[in-house]
Structure formats: C-alpha cells, structure tokens
Amino acid sequence: MTVRLILDGKGREVATASPSTSVGEACRMLAQRRIGALLVTGAQGRMTGIVSERDIVKALSEVGAAALDKPVSAIMTREVVTCSEADHVADVMRQMTSGKFRHVPVVDETGGLIGVVSIGDVVKHRLNELEAETHAMRDYIVMA
Ligand code: AMP
C-alpha cells in the first residue's frame with residue numbers, strides 16, 4: 001500500500017505558515033484546524049521547515065509566554081524528512097518511529113508539496129487493512 005492511497009482518501013490540502021508567522025498565530029491555526037503541525041513555506045511555496053505543537057511546547061517551556069511573539073522560523077525544524085506518493089506506508093511508519101515525529105510531508109519530483117501524512121492517517125490506514133484481512137480470513141474459514 002502506498003502513500004497515494006492515503007492522500008486519495010484524505011485529500012491533498014496542506015496547512016502552511018510563512019516563516020514570519022508568529023508562534024501565537026501558529027497556535028491559533030493549529031487549534032482552528034485541529035491539526036498538530038504546519039509546513040513553513042517561503043518564496044514560491046518552497047518548504048523551509050515544519051513547526052509542530054511539540055516545538056511550541058518546548059519554546060514555551062524555555063522562554064515562557066514571550067515565545068508566542070517569536071516567528072515560527074525561530075523554533076521550526078529545518079531538516080524535514082519527506083516522502084513521495086509512491087512510497088509504501090510501512091516505510092513512512094518506520095521513518096516516523098525512528099525519527100520520533102508524527103508528520104511527513106509528501107513531495108513530488110520537483111520537491112513541491114502535495115500533501116501531508118500524519119501518524120493518525122497511518123494508524124487509520126493500518127486499522128482498515130487489518131479489518132480487511134480479518135474479513136478475508138473469516139470468509140476463507142467459512143467457505144472451507
Ligand atoms: P511531531 O511528532 O510531528 O509533533 O514532531 C516532533 C518533532 O519533530 C518536532 O520538533 C517537529 O518539528 C519535528 N518534525 C515533525 N515532522 C518532521 C519531519 N517530517 N522531519 C523532520 N522533523 C520533523
């Protein structure tokens with residue numbers, strides 16, 4: 001199963017912020033959209049980083065409420081691990097586990113953003129797969 005299947009199900013919308021967006025505004029965007037991370041994009045929509053709720057919690061714990069006035073570029077992760085639509089979901093799961101992050105942006109051949117896969121999407125996908133396997137097994141046993 002590939003990442004394309006997940007994007008076909010959930011859509012290809014990507015929640016983005018610009019590097020100068022304040023951390024406070026990023027909090028509002030995350031809360032409003034009920035998501036855990038924003039891709040930070042610069043000129044021509046190129047990805048320059050990712051900021052997740054975890055980065056915000058870390059910044060708040062370090063400098064307190066003053067963190068809310070900082071630009072997201074000050075707290076984002078710049079080395080972003082990405083995947084392509086053709087990648088297998090199992091490999092993306094492995095990347096998330098070894099890198100200890102819960103979001104993987106999906107990019108095309110030119111590096112353009114075409115979606116985001118979260119740990120929630122991966123778990124949902126895996127549960128559906130397990131359910132289908134269980135049904136197939138049950139049918140096989142009943143028919144045998
Ligand atoms: P998360 O679990 O996605 O909330 O992120 C945990 C930490 O990993 C935060 O510092 C994020 O900025 C960072 N992070 C999230 N996704 C990625 C990714 N795909 N590549 C690299 N770092 C990431």
* To do: Kindly indicate whether LYS70 is closer than 20 Å to THR16 by Cβ and away from the ligand (no atom under 13 Å from the Cβ).
  => yes
* Asked: Which residue, of VAL40, VAL106, VAL51, VAL72, is within 20 Å of GLY9 (Cα to Cα), β-branched (Val, Ile, Thr) and touching a residue at least 24 places away in the same chain (Cβ under 8 Å)?
  -> VAL106
* Structure fact -> Of the listed residues (LEU127, LEU68), the one being within 19 Å of ARG28 (Cα to Cα), aliphatic (A, V, I, L, M) and over 11 Å from the mean Cα position of the chain (by Cα) is LEU68
* Starting from residues that are touching a residue at least 60 places away in the same chain (Cβ under 8 Å) and more than 18 Å from ALA37 (Cα to Cα), keep the ones in the range 117-144 and report whichever is surrounded by the most Cβ atoms within 10 Å (Cβ to Cβ). => HIS125
* To do: Determine whether the range 77-95 contains at least one residue that is free of Cβ contacts under 8 Å to residues at least 60 places away in the same chain, basic (Lys, Arg), touching a Ser or Thr at 6+ places or on another chain (Cβ under 8 Å) and within 14 Å of the ligand (Cβ to nearest atom).
  => yes
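Computed from the coordinates by the stated procedures, all read-outs in this text should not be read as laboratory data. Bear in mind that the values here come from a model prediction, so they are computed numbers and not experimental data. Reconstructed Cβ throughout: ideal geometry from the backbone, glycine too, with neighbour counts over all protein chains shown.
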